[in-house]
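The structure appears below as structure tokens.
The values are calculated or read from the model by the stated rules, or taken from the named source; none is laboratory data. Just so it is clear, the structure is predicted and the values come from calculations on it, not from any experiment. With ideal geometry, Cβ positions are generated from the backbone for all residues, glycine too; neighbour counts draw on all protein chains shown. Protein only, heavy atoms only, side chains kept; ligands, DNA and RNA dropped before computing areas. Shrake-Rupley method; radii C 1.70, N 1.55, O 1.52, S 1.80 Å.
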Amino acid sequence: MVPVNYYLALGAVLFTIGLAGVLVKRNAIIVFMSIELMLNAANLTFLAFARQSGNLSGHAIAFFVIAVAAAEAAVGLAIIIAIYRSRGTVAVDEVTGLRDP
Amino acid sequence: MGDKAEVVLFWVFAGPLIASAAGVLMARNPVHAAMSLVAAFFCLAGIYVLLTAHLIAFLQIIVYAGAIMVLFLFVIMLLSLSDEELGVDRMSAMKWAGLAGGAALLFLVVQAIAESGGAGWQRVGADYGTVRAVGRILYTQYLLPFEATSVLLLVAIVGAVVVSKKRI
């Protein structure tokens with residue numbers, strides 16, 4: 001089989017791409033997509049370790065991660081729509097209502 | 001499945017996976033970014049099948065590539081932002097700091113992975129990763145988190161409706 005290190009390294013690369021997206025991009029929707037990428041990288045690592053040790057707990061955790069990601073996407077996108085309605089922008093560095101008194 | 005065929009399949013899925021994940025960041029248009037993310041999720045499902053996680057692979061396609069990405073596309077079309085508003089990235093200092101931080105993290109994690117040596121794979125039975133096996137563990141060992149997930153989804157539905165109402 002392919003060594004487990006390959007899967008872990010693939011997860012690391014995917015997580016790094018997601019992290020760079022969160023730090024670099026302005027558009028809140030793209031930032032959300034990058035967060036989804038990071039969650040998927042964590043899932044990949046869980047599944048690789050579950051297969052390596054031969055127990056199924058990693059699959060259960062991956063299942064929960066998918067459910068939580070669905071809930072997070074629904075609430076997060078609703079927040080983005082609400083912000084766009086009140087501010088007319090979704091750029092994450094222009095929404096500073098909590099920072100500027 | 002032969003050893004060689006599996007290595008080939010791994011790269012068949014891993015290459016496009018990294019390329020389309022990078023495409024999410026490179027895309028000027030958010031719809032292109034969303035389609036790139038869908039491609040990434042499909043490739044990831046292939047990787048999951050290689051890891052004998054059949055149920056999670058199908059959930060990945062149904063829930064992620066299906067439901068969540070449709071939600072993203074709907075929001076992108078609802079907002080109908082102009083292109084130049086989306087194309088501009090954050091100021092370049094933040095950009096370089098982000099890229100350097102990401103590269104440093106990648107270096108540390110890959111080094112840790114290389115040091116761990118990577119133990120071999122355990123042998124698993126034929127029902128590993130099937131709906132029956134994962135369902136059994138979900139409804140016995142993980143019953144409480146499973147029920148908590150249903151409450152979480154209910155809260156998410158109510159929260160999404162309340163937040164996106166006209167008057168908060």
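How shielded is B:138-148 by partner chains, expressed as the average number of their Cβ atoms within 10 Å of its Cβ atoms?
On the way: counts 5, 0, 0, 3, 7, 0, 0, 5, 4, 0, 2.
The mean count of partner-chain Cβ atoms within 10 Å per residue comes to 2.
Counting protein heavy atoms only, chain A has 69 percent of its accessible area on carbon and sulfur, 1.4 angstrom probe.
Build a GNM of chain B with springs between Cα atoms under 10 Å apart, and of B:Y128, B:Y48, B:Y142 the one that fluctuates most is B:Y142. Principal semi-axes of the equivalent ellipsoid, √(5λ) from the alpha carbon gyration tensor of chain A, are 34, 15, 9 Å from largest down.
Each 5 Å bin, from zero up to the one with the longest distance, holds this percent of the alpha carbon pairs of region B:8-128: 2, 9, 12, 15, 18, 16, 13, 8, 4, 2, 1.
Report, to two decimal places, the Cα Rg of the protein assembly as shown normalised by 2.2 N^0.38 Å (N = number of residues).
Normalised Cα radius of gyration, the protein assembly as shown: 1.05.
Relative contact order of region B:1-138, please, whole-number percent, based on alpha carbon pairs below 8 angstrom and at least 6 residues apart.
Working: 86 pairs, mean separation 32.2, N = 138.
Relative contact order comes out at 23 percent.
Counting, for every residue in A:42-54, the Cβ atoms of other protein chains within 10 Å of its Cβ and taking the mean gives 5.
Tell me: how much accessible area in total is hidden between A and B, 1.4 Å probe, Å², nearest 100? Show your work: numbers first, answer last.
Numbers: alone 7090 and 13360 Å², together 13390 Å².
Adding both sides of the contact gives about 7100 Å².
Comparing B:I62, B:I76, B:I113 in a Gaussian network model of chain B where C-alpha atoms under 10 Å apart are linked, the largest mean-square fluctuation is found at B:I113.
For region B:1-27, a reduction of at least 40 Å² in accessible area between the chain on its own and the assembled protein chains (probe 1.4 Å) is found at B:E6, B:F10, B:I18, B:A21, B:V24, B:L25. On the beta carbon distance between B:M94 and B:A5, with R0 = 41 Å, the FRET formula returns roughly 0.40. For the peptides B:2-14, A:31-43, A:50-62, the ranking by packing is A:31-43, A:50-62, B:2-14, with the highest mean count of neighbouring Cβ atoms within 10 Å listed first. Over region B:1-143, with every protein chain in place, what whole percent of the accessible area is carbon and sulfur at 1.4 Å, could you tell me? That share works out to 71 percent.
Averaged across the residues of B:121-129, what count of C-beta atoms belonging to other chains lies within 10 Å of each residue's C-beta?
Values: counts 9, 6, 1, 6, 1, 0, 1, 6, 6.
Per residue, the average neighbour count from other chains is 4.
Extending 7 Å from the Cα toward the beta-carbon at both B:L78 and B:I61 defines two label points whose distance is 2.8 nm. Averaging over all projection directions, the Cα-based convex hull of region A:38-95 occupies 4.5 nm² in the image plane.
Which order do the peptides A:80-90, A:14-24 take when ranked by the mean count of other beta-carbon atoms within 10 Å per residue, highest first?
The packing order, highest mean first, is A:14-24, A:80-90.
Rolling a 1.4 angstrom probe over the protein heavy atoms with all chains in place gives the protein assembly as shown an accessible area of 50 Å² per residue.
Using a simple spin-label model with pseudo-atoms 7 Å out from Cα toward Cβ, A:R85 and B:A112 lie 4.2 nm apart.
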